[in-house]
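Colleague: I have a structure I would like to understand better, so I am pasting it below and will then ask my questions one at a time.
The values are calculated or read from the model by the stated rules, or taken from the named source; none is laboratory data. None of the values given here were measured: they were computed from a predicted structure. Positions of Cβ are backbone-derived with ideal geometry, glycine not excepted, and every protein chain shown enters the neighbour counts. Accessible surface areas use protein heavy atoms only, side chains included; no ligands, DNA or RNA. Shrake-Rupley method; radii C 1.70, N 1.55, O 1.52, S 1.80 Å.
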Amino acid sequence: MPNSDDPTVPVHGQAAVPTTVQEYPVTAVPYPTPPRRPAVKILTGVVVVLVVLVTAVTGYFVSADKAHREREDQLAVQVADGQRKVQEMQAEVAAAKAEAEAAKAQAANTSEGSDTNKVQQLNSCTDALKSVLGARSGADFAKAYKAMQELCKIAGIPLF
């Protein structure tokens, strides 16, 4: 048995353990945290940079998608306008063909050369309109449309 003044409790035949618990003084200073290693600082910086990059890329794609949708809407409006113009031209061509047929019938009944000239002008106008309707690109359409405007003047009066 130990020679101390503290009472002891025997533990199943082994050495005696003191029963009093020694108390340590409470301090207001917490344990200091160990300094961060350079790898932790580097990894933190990399994570921050990646988060900023992901945010920037997401913002870019959102704005690009919005611009793409606006462009699609503009093109849809342009296509609708072009289709409307084509329908108007088709109606004008039908009227011009009817006029040409009437002129042909009148030319057959009369022997005037001016009516025959008008019929030829209407036929060339019809051919020019067909080339406008068959245009595959905007540039081809513009060229064919200008040519049609020049060819479709009958008696000095433009049809289009």
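Colleague: Just checking, which of Ala76, Ala15, Ala28 is modelled with pLDDT under 65, open to solvent by less than 100 Å² (accessible area, probe 1.4 Å) and of a type in the set (A, V, I, L, M, F, W, C)? If you could, list the steps in order and put the result at the bottom.
Modeller: On the way: Ala76 fails: modelled with pLDDT under 65; Ala28 fails: open to solvent by less than 100 Å² (accessible area, probe 1.4 Å).
Selected residue: Ala15, the only one of Ala76, Ala15, Ala28 that is modelled with pLDDT under 65, open to solvent by less than 100 Å² (accessible area, probe 1.4 Å) and of a type in the set (A, V, I, L, M, F, W, C).
Colleague: Select from the range 106-150 the residues that are modelled with pLDDT of 75 or more and open to solvent by 80 Å² or more (accessible area, probe 1.4 Å) and write down the one among them that is farthest from the chain's Cα centre (by Cα).
Modeller: By that ranking, first place goes to Gln120.
Colleague: Could you identify the single residue in Val93, Val49 that is modelled with pLDDT of 85 or more and in contact with a helix residue (DSSP H, G or I) (Cβ under 8 Å, 6 or more places away or on another chain)? Before you say what the answer is, go through the steps one by one.
Modeller: Numbers: Val49 fails: in contact with a helix residue (DSSP H, G or I) (Cβ under 8 Å, 6 or more places away or on another chain).
Going through Val93, Val49 in turn, the sole match is Val93.
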